[in-house]
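The values are calculated or read from the model by the stated rules, or taken from the named source; none is laboratory data. Just so it is clear, the structure is predicted and the values come from calculations on it, not from any experiment. We place every Cβ from the backbone using ideal geometry, glycine too, and count neighbours over all the protein chains shown.
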Amino acid sequence: MDFQQLKEDIISYSKNIGIDKIGFTTASAFDEMKNRLRRQEALGYQSGFEEPDIEKRVHPDLIFDGPQSIISIALAYPSKMKDAPQSKRGERRGIFCRASWGTDYHVLLREKLSMLEEYILSRVPEARFKSMVDTGELVDRAVAERAGIGWSGKNCAIITPEFGSYVYLGEMISNLPFEPDEPMEDRCGTCNKCIDVCPTGALVEGGQLDAQKCIAFLTQTKGFLPDQFRTKIGNRLYGCDTCQTVCPENKGKDFHLHAEMEPDPEIAKPLLKPLLSISNKEFKERYGHVSGSWRGKKPIQRNALLALAHFKDETAVPDIINVLEHDVRPVMRGTAAWALGKIGGEEAKAVLTKAREREKDEEVIEEIEKGLAFFN
């Protein structure tokens, strides 16, 4: 088998099926990444969403029998929304990050990887694969960096010369011995814009992220948002793009290469008040196809309350009162209480005072006290 010719044929085929970048690397251990992951763990910077076994994250041979190479792919996604609706008084809107525009990228990348597998099998019937997108054991960025897709930026994203950091990543371990591609030179240089503007200081230094402070992570948690971050998330419902939007390498980068990635403006930038009363069924029907729905409606609804507080939207007070008085979930009632205090007004104060007498949950009572403290 002429594996160099096969590699060239795979590259050609990948372009035909809409893969925007493809790279090849060895299946050797990711030793440098192991050191970084150990450091993350020691500092308590992990999100908790990762594969817990660091060895599996850096040793392909622990998750695949006889690995010879890894193929990395990237799909470019849009950075600008066409006909984006405006947020205005009485009709305030939240925002989903760009990685949650259009169809869930996990689905799209798995489809491309599956097509790639079928093509390779048609050429090499004895080929074996293990494909992963985001939720697999390997670190997508480490694979993409070594495969020459792009360099690992100070914002912890892979940055490509062609598409900036607006790319989704996936990879495929295989038992075929492809020649590896050369890694790309780091082009961040002395630029620190992403570090300087990170809203919560989650980018501790170039390439070092404290996930526990990262807004993208915080918007996906289900409990009460820590006090110090509540005024930082603004109107973000899911994810955060700040460290990407300020990156000079992303200036002018906006690619609309995949119809499935085009956002529905009313879903990517939805009205906030209707979110507070949306049913599970409605949420699944409306948002179930986007990646930002994976944790269910609770984090989105909690973030919607914080966004309404951010806007000090007095028109939302009746909706927020309804949450405080009728929602069975303590996190929602408590966040509603805090939001009412933040928005202010005599009606909010009176409702909070009554709620303090009625509420039985200690955490919610604590949030009611925080809400009332705004009036002191």
Neighbours by Cβ (under 6 Å, 6+ apart or cross-chain): first from segment 289-303, free of Cβ contacts under 8 Å to residues at least 24 places away in the same chain; second surrounded by fewer than 18 Cβ atoms within 10 Å (Cβ to Cβ) and part of a helix (DSSP H, G or I): 297/283
Every residue from segment 201-219 that is in contact with a strand residue (DSSP E or B) (Cβ under 7 Å, 6 or more places away or on another chain) and touching a residue at least 40 places away in the same chain (Cβ under 8 Å): 203, 207, 209, 210, 219
Subset of segment 80-132 that is hydroxyl-bearing (Ser, Thr, Tyr) and touching a residue at least 12 places away in the same chain (Cβ under 8 Å) - its residue that is farthest from residue 245 (Cα to Cα): 119
Qualifying residue in segment 234-244 (condition: closer than 16 Å to residue 99 by Cα, crowded, with 16+ Cβ neighbours inside 10 Å, in contact with a strand residue (DSSP E or B) (Cβ under 6 Å, 6 or more places away or on another chain) and among the small types (Gly, Ala, Ser)): no
Residue in segment 56-78 that is acidic (Asp, Glu), modelled with pLDDT of 95 or more and not in a helix (DSSP H, G or I) present: yes
Unmet requirement for residue 178, which otherwise passes all of (1) hydrophobic (A, V, I, L, M, F, W, C); (2) assigned to a helix (DSSP H, G or I); (3) closer than 30 Å to residue 130 by Cβ: (2)
Helices (runs of 4 or more DSSP H) wholly inside segment 300-376 that include at least 3 residues being surrounded by fewer than 19 Cβ atoms within 10 Å (Cβ to Cβ): 317-326, 346-358, 362-373
Exclusive hit being in contact with a strand residue (DSSP E or B) (Cβ under 7 Å, 6 or more places away or on another chain), basic (Lys, Arg) and not in a helix (DSSP H, G or I), set 222, 253: 253
Search result, residues across segment 12-51 that are outside any strand (DSSP E or B), crowded, with 16+ Cβ neighbours inside 10 Å, at pLDDT 95 or above and of a type in the set (A, V, I, L, M): 19, 27
Single unsatisfied condition, residue 274 versus (1) surrounded by fewer than 16 Cβ atoms within 10 Å (Cβ to Cβ); (2) in a loop (DSSP other than H, G, I, E, B): (2)
